[in-house]
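Have a look at the structure below before the remarks.
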Amino acid sequence: MSQGHFSRHLSRMRSLYTERRKALAAALEAAMPRQLDIRLQDGGMHFVAHLRGGRTTWSWSSDCAARASRLGRFRSTP
């Protein structure tokens, strides 16, 4: 740690995860532009996706998961 290896590692990981987060948010916005409003947060590896149009029921969420699964982009776990 005194040689700066850990700091460099953290810096690389922050950059990597920032790019991955942006890519995921962009893919979701492209796939569902009318349904989702993506808001990137200031820090961390997360973002918030607001459902537009008030469709917040579980069945709609299940429909989204089923569609993503059919496209090979989501695998649900039991």
So residue 30, is it outside any strand (DSSP E or B), small (Gly, Ala, Ser) and surrounded by 13 or more Cβ atoms within 10 Å (Cβ to Cβ): no
Yes/no for residue 51 being surrounded by 13 or more Cβ atoms within 10 Å (Cβ to Cβ) and either at pLDDT below 80 or touching an Asp or Glu at 6+ places or on another chain (Cβ under 8 Å) (or both): yes
Residues satisfying the stated conditions in segment 3-25, i.e. surrounded by 11 or more Cβ atoms within 10 Å (Cβ to Cβ), over 9 Å from the mean Cα position of the chain (by Cα) and among the small types (Gly, Ala, Ser): 11
Residue 8 in contact with a strand residue (DSSP E or B) (Cβ under 9 Å, 6 or more places away or on another chain) and at pLDDT 85 or above: no
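The values are calculated or read from the model by the stated rules, or taken from the named source; none is laboratory data. Just so it is clear, the structure is predicted and the values come from calculations on it, not from any experiment. A quick note on method: Cβ atoms are made from the backbone with ideal geometry, for glycine too, and the neighbour counts reach across all protein chains shown.
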